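J.: Okay, handing you the structure first.
Just so it is clear, none of the values below were taken in a lab; they were calculated from the coordinates. None of these values were measured; they are calculated from a predicted model. Cβ placement follows ideal geometry from the backbone for every residue including glycine, while neighbour counts extend to all protein chains displayed.
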Amino acid sequence: MNEKQLIFKTIDFVKETLEGAEGGHDWFHIHRVYKNAQLIAKTEKADGLVVALGALLHDIADSKFYPDASGGDETIGPKMAAEFLLSLNVDSNVIEHIIHIIKNISFKSSLATKTNTFASIELDIIQDADRLDAIGAIGIARCFNYGGFKNRVIYDPEIPPNLNMTKEEYKKSNAPTINHFYEKLLLLKDKMNTKTGLRIAADRHLFMEKYLKQFFDEWNGKL
């Protein structure tokens, strides 16, 4: 099976697996991240197959939708991706690389105390691509979609954002949706790994700042 066929097989697998998923973490999210990753990879020296497969499989089983005592089972996604890639006889080094990407891509992973850090340009690219989909117009839409999915209040002025959360606190948080802008979304621009990611993030960050100004003007009855 050549690389093109492998990517098509992976696309079919992801579409089938995520059928009926929450709107911010469905196939269309994966597709946007995949396209973002392809765009960023054009300006970086990276393994194209790892970028493609990593982007397509990065959210195959997001831990937040598999609740456990810790706030989400983080083992399911890597396991599901590994089993699928093994079924297609993908090279073991490629599989290992992609599993590392899935384990390290999330924002919450950056909140943990790391002992064995993993780094690669492919992770940098896919992480930027994923973070770009969390900000800007689509990021705002996804944020409120997930807040509605979890039945969270939109905003409560008596519940301030927690800017010093641990990974465990972040996973278990039920804070108002607006707080998520300050606890994550507005922080992503300065966490970009690549120049292309940072350039795109700057415009999307500005859009979110304008949105929040409008939101609070309306909330406070400002004409």
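J.: Scan segment 152-162 and tell me whether some residue there is out of contact with any Pro (no Cβ under 6 Å at 6 or more places or on another chain) and closer than 29 Å to Asp47 by Cα.
T.: no
J.: Exactly one condition in (1) in contact with a Lys or Arg (Cβ under 9 Å, 6 or more places away or on another chain); (2) farther than 25 Å from Asp128 by Cα is false for Ala201; which is it?
T.: (2)
J.: Based on what the data block shows, is Pro157 farther than 29 Å from Tyr34 by Cα, surrounded by 15 or more Cβ atoms within 10 Å (Cβ to Cβ) and not hydroxyl-bearing (Ser, Thr, Tyr)?
T.: Considered against the rule, which asks whether it is farther than 29 Å from Tyr34 by Cα, surrounded by 15 or more Cβ atoms within 10 Å (Cβ to Cβ) and not hydroxyl-bearing (Ser, Thr, Tyr), Pro157 comes out as no.
J.: Please go through segment 1-39 and give me each residue that is acidic (Asp, Glu) and either over 16 Å from Val51 (Cα atoms) or crowded, with 16+ Cβ neighbours inside 10 Å (or both), ordered by number. Please lay out each step first, then the result.
T.: Initially, segment 1-39 is screened for residues acidic (Asp, Glu), giving 3, 12, 16, 19, 22, 26.
Correct list: Asp12, Glu16, Glu19, Glu22, Asp26.
J.: For segment 162-194, how many residues are part of a loop (DSSP other than H, G, I, E, B) and either crowded, with 16+ Cβ neighbours inside 10 Å or of a type in the set (S, T, N, Q) (or both)? Let's see the steps before the verdict.
T.: Initial filter on segment 162-194 (part of a loop (DSSP other than H, G, I, E, B)): 162-166, 173-176, 184, 188, 192-194.
Those left that are additionally either crowded, with 16+ Cβ neighbours inside 10 Å or of a type in the set (S, T, N, Q) (or both): 162, 164-166, 173-176, 184, 188, 192-194.
Here the count works out to 13.
J.: Keeping to segment 170-205, report how many residues are more than 30 Å from Glu44 (Cα to Cα) and either touching a Gly at 6+ places or on another chain (Cβ under 7 Å) or in contact (Cβ under 8 Å) with a residue 40 or more places away in the chain (or both).
T.: 4
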